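> Shown below is the structure under consideration.
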Amino acid sequence: LASARLADSKSDFPGLLTADGKAWHYLDTAATAQKPQAVIDAMARALGQDYATVHRGVYSRSAEMTLAYEAARRRTADFIGGKEEEIVFARGATEAINLVAATWGAANIGEGDRILLSALEHHSNIVPWQMLAEKVGAHIDICPLTSDHQIDLDAAEVMLTERHKLVALAHVSNVLGSVLDAKRAAGLAHGVGAKLLLDGCQAAPRLKLDVAPLDCDFYVFSAHKLYGPTAIGALWARSEILNAMPPYQGGGAMIDRVTFDKTTYAPAPQRFEAGTPAITEAVALHAAIDYVDAIGMDVIHARETALVAQLRDALSPMNDVTIYGPADSAGIVSFMLDGVHPHDLGTILDEANVAIRAGHHCAQPLMDYLGVPATARASFGLYSDESDVEALLDGIVRTRKIFA
Ligand code: PMP
């Protein structure tokens, strides 16, 4: 049943057609995923007949919306194997990482302490730590990659010291698709008394998640990469860590009692959700999780893995193509066509209704590490199929002819 759902899935996504009704070969799901009609409908209902604020109204519509908002939190917790009181809704992974840096980081990382990142991190998992390090006088260390572009945990083991308070790594690389051995990373971090933050932006839509066996301390992801809406994402952290963290932004909904003399704060997760939250987005995220769960993350992963293999097998024999990332990449293939800037390739592909990403993918230090200014990146989603890979390969042949 799940694979039948997957086979039909393209028709669930109105965004996969061009304005004139042709197939759009969308290979930029790592940037943001297209939305199934079920998510669009859920969001429209929440903005329409069900709309009201949460946590404040005494009237029944608001009480119902509060139940729906909290049900979304429960569903999100369940999706990654956490508890509902451990889920903080933020604007996305970027805000979630900034929240951890500004609260837990400022309270626990001081002068002379160290933070370990890796060479393949997204700017969202670099810049917030640089800002914190600069403020408190901490140092950042960069874990190198193996020859097949995985985070080199053997090197991390050698680099980690008792001064390291945090290890923050991508669970899946947005450029290379490399999958981290998160359990080993957790063991290494905890071995020196550091916490592990996993950036799950690219993992949440591709891998079956369970934070308990991963043994991480913080996990973040964005709904819009998981077939849900923009402007909402989740931070998961262990209860004891969350409850010990100072608040992030101040305002309504995050307080216990306010007087001009002193304000006390609500317990987590409300303490970290100041202001009117992303109500309709939470409801739509719930619908997105229902949608992917009905197909099954294992089915989605198998589909994307097969498409990665199809694309890599076709590109590998081409002498003028360099592929980056490991063979078992999760749903993402970065490459370069000799003599063609990735932007030119992207522009020519666009004429054939093929959408890829070309650029630094918000990972400029990784581009420096690889020694390239940019790469072309094809990334798959649950709706991707062989026709999308074939359209990309046809486009590469056409581009080569134009540049010959
Ligand atoms: N980390 C990774 C690995 C990502 O792929 C992205 C989005 N490209 C982010 C962080 C940032 O996510 P957002 O822009 O949704 O906050």
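The values are calculated or read from the model by the stated rules, or taken from the named source; none is laboratory data. From a predicted model like this one, the values you see are computed outputs, not experimental measurements. Here the Cβ positions follow ideal geometry from the backbone for every residue, glycine too, while neighbour counts run over all protein chains shown.
> What residue, among those in region 113-124 that are within 16 Å of the ligand (Cβ to nearest atom) and of a type outside the set (A, V, I, L, M, F, W, C), is surrounded by the most Cβ atoms within 10 Å (Cβ to Cβ)?
Ser118
> Continuing with this model, one more query. Within the set of pairs 6 or more residues apart or between chains, which connect a residue that is at positive phi and free of Cβ contacts under 8 Å to residues at least 24 places away in the same chain inside region 223-242 to a residue that is of a type in the set (A, V, I, L, M) and within 10 Å of the ligand (Cβ to nearest atom) with Cβ atoms less than 6 Å apart?
Cβ pairs passing all conditions: none.
> Pairs please, first residue from region 40-55 and under 19 Å from Glu273 (Cα atoms), second anywhere and among the hydroxyl-bearing types (Ser, Thr, Tyr), Cβ atoms under 7 Å, 6+ apart in sequence or on different chains.
Pairs found: Ala52/Ser62; Thr53/Ser62; Thr53/Thr276; Val54/Ser62; Val54/Thr66; Val54/Tyr69; His55/Thr66.
> May I ask you to say which residue of Ala274, Ala268, Ala302, Ala282 is among the hydrophobic types (A, V, I, L, M, F, W, C) and not assigned by TED's automatic domain parsing to the domain that holds Ala96? I'd like the intermediate steps shown before the answer.
On the way: Ala274 fails: not assigned by TED's automatic domain parsing to the domain that holds Ala96; Ala268 fails: not assigned by TED's automatic domain parsing to the domain that holds Ala96; Ala282 fails: not assigned by TED's automatic domain parsing to the domain that holds Ala96.
On inspection, the qualifying residue turns out to be Ala302.
> Where in region 280-372 are there helices (runs of 4 or more DSSP H), lying wholly inside it, with at least 3 residues that are surrounded by 20 or more Cβ atoms within 10 Å (Cβ to Cβ) and out of contact with any Cys (no Cβ under 8 Å at 6 or more places or on another chain)?
The helices (runs of 4 or more DSSP H) meeting that bar are 297-315, 342-351.
> Related question: Tally time: how many residues in region 125-151 are under 23 Å from Gly233 (Cα atoms) and either assigned to a helix (DSSP H, G or I) or away from the ligand (no atom under 16 Å from the Cβ) (or both)?
Kept after step one, since they are under 23 Å from Gly233 (Cα atoms), are these residues of region 125-151: 125-132.
Right, trim to either assigned to a helix (DSSP H, G or I) or away from the ligand (no atom under 16 Å from the Cβ) (or both) and you get 125, 127-132.
Going through region 125-151 one residue at a time, the tally reaches 7.
> Turning to a different aspect of this structure: Give the residues of region 55-69 that are farther than 17 Å from Ala231 by Cα, at pLDDT 95 or above and within 29 Å of the chain's Cα centre (by Cα), sorted by residue number. Can you show your working first?
To start, the set of residues in region 55-69 that are farther than 17 Å from Ala231 by Cα comprises 55-68.
Applying the additional criterion that residues be at pLDDT 95 or above yields 59-68.
Correct list: Met65, Thr66, Leu67, Ala68.
> Tell me whether region 269-280 contains one or more residues that are more than 23 Å from Ala237 (Cα to Cα) and modelled with pLDDT of 95 or more.
Let us first name the residues in region 269-280 that are more than 23 Å from Ala237 (Cα to Cα), namely 280.
Of the ones still in play, those that are also modelled with pLDDT of 95 or more are 280.
Scanning region 269-280 turns up at least one residue that is more than 23 Å from Ala237 (Cα to Cα) and modelled with pLDDT of 95 or more.
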